[in-house]
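These notes are about the structure you will find just below.
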Amino acid sequence: MVLRPKPAIQPPLPDECPLEAVLALLAGAWTAQILWFLRAGPRRFGDLRRDLAGVSTKVLTNRLRVMQELGLLEREVLPGKPPQVEYALTTLSRELEPILDSMEQVARRLRQKPLPKGDR
């Protein structure tokens, strides 16, 4: 007897699946954390660097540039000596807030479960 795989209930993913783009974005180094901290309002570069303990200045600068180019962040240079830079979420990045909220809720529930034996 030959076992045949069940046909998929859902159609296959399109060649250029938009879900892949969002997952790749959120998987980018520090992206989700930057979005998380900016939800409360605009933050200066130095504040973000302190919020994201462990990130280097170079990596943070590069990630903020990429996110700005993608239309997820607004960058404002504040007058003063030395001038300071402030970052804020855009309307587009605000659309990701429910996703971050859901991820937080799932993470909290996962924390309450014991790890499987092989993952301890």
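Within region 85-120, restricting attention to residues that are outside any helix (DSSP H, G or I) and polar (S, T, N, Q), the residue that is nearest to GLY71 (Cα to Cα) is THR90.
Applying a threshold of 6 Å to beta carbon distances and a minimum spacing of six or more residues, or different chains, the list of pairs starting in region 9-37 at a residue that is closer than 17 Å to VAL59 by Cα and touching a residue at least 60 places away in the same chain (Cβ under 8 Å) and ending at one that is among the charged types (D, E, K, R) and surrounded by fewer than 10 Cβ atoms within 10 Å (Cβ to Cβ) is empty.
Is at least one residue of region 22-37 closer than 25 Å to GLN105 by Cβ and touching a Ser or Thr at 6+ places or on another chain (Cβ under 7 Å)?
Narrowing region 22-37 to residues closer than 25 Å to GLN105 by Cβ: 22-37.
If we keep only those that are touching a Ser or Thr at 6+ places or on another chain (Cβ under 7 Å) too, we end up with 25, 35.
Yes, because at least one residue in region 22-37 is closer than 25 Å to GLN105 by Cβ and touching a Ser or Thr at 6+ places or on another chain (Cβ under 7 Å).
Regarding ALA8, is this residue over 24 Å from GLU97 (Cβ atoms), modelled with pLDDT under 85 and either among the hydrophobic types (A, V, I, L, M, F, W, C) or outside any helix (DSSP H, G or I) (or both)? Outline the logic, then answer.
Working: over 24 Å from GLU97 (Cβ atoms): yes; modelled with pLDDT under 85: yes; either among the hydrophobic types (A, V, I, L, M, F, W, C) or outside any helix (DSSP H, G or I) (or both): yes.
Yes: the conditions hold for ALA8.
Within region 44-55, if we keep just the residues that are within 22 Å of ALA27 (Cβ to Cβ) and not hydrophobic (A, V, I, L, M, F, W, C), the residue that is surrounded by the fewest Cβ atoms within 10 Å (Cβ to Cβ) turns out to be GLY54. Which members of region 1-32 meet the condition of being within 19 Å of ARG94 (Cβ to Cβ) and among the β-branched types (Val, Ile, Thr)? VAL22, THR31, listed by residue number. Does ALA21 fit the bill of being of a type in the set (Gly, Ala, Ser), part of a helix (DSSP H, G or I), surrounded by 15 or more Cβ atoms within 10 Å (Cβ to Cβ) and within 20 Å of the chain's Cα centre (by Cα)? So ALA21 does not fit the description; no.
Per the conditions (1) surrounded by 14 or more Cβ atoms within 10 Å (Cβ to Cβ); (2) at pLDDT 95 or above; (3) assigned to a helix (DSSP H, G or I), the sole criterion not satisfied by LYS58 is (1).
May I ask you to list the residues in region 33-53 that are small (Gly, Ala, Ser) and either part of a loop (DSSP other than H, G, I, E, B) or at pLDDT 95 or above (or both)?
At the first step, the residues of region 33-53 found to be small (Gly, Ala, Ser) are 40-41, 46, 53.
Hits for region 33-53 are ALA40, GLY41, ALA53.
If you filter region 71-120 down to residues that are in contact with a Pro (Cβ under 7 Å, 6 or more places away or on another chain) and touching a residue at least 40 places away in the same chain (Cβ under 8 Å), you find that the one that is surrounded by the most Cβ atoms within 10 Å (Cβ to Cβ) is TYR87.
The values are calculated or read from the model by the stated rules, or taken from the named source; none is laboratory data. If you're wondering where the values come from, they're calculated on a predicted model, not measured in any experiment. With ideal geometry, Cβ positions are generated from the backbone for all residues, glycine too; neighbour counts draw on all protein chains shown.
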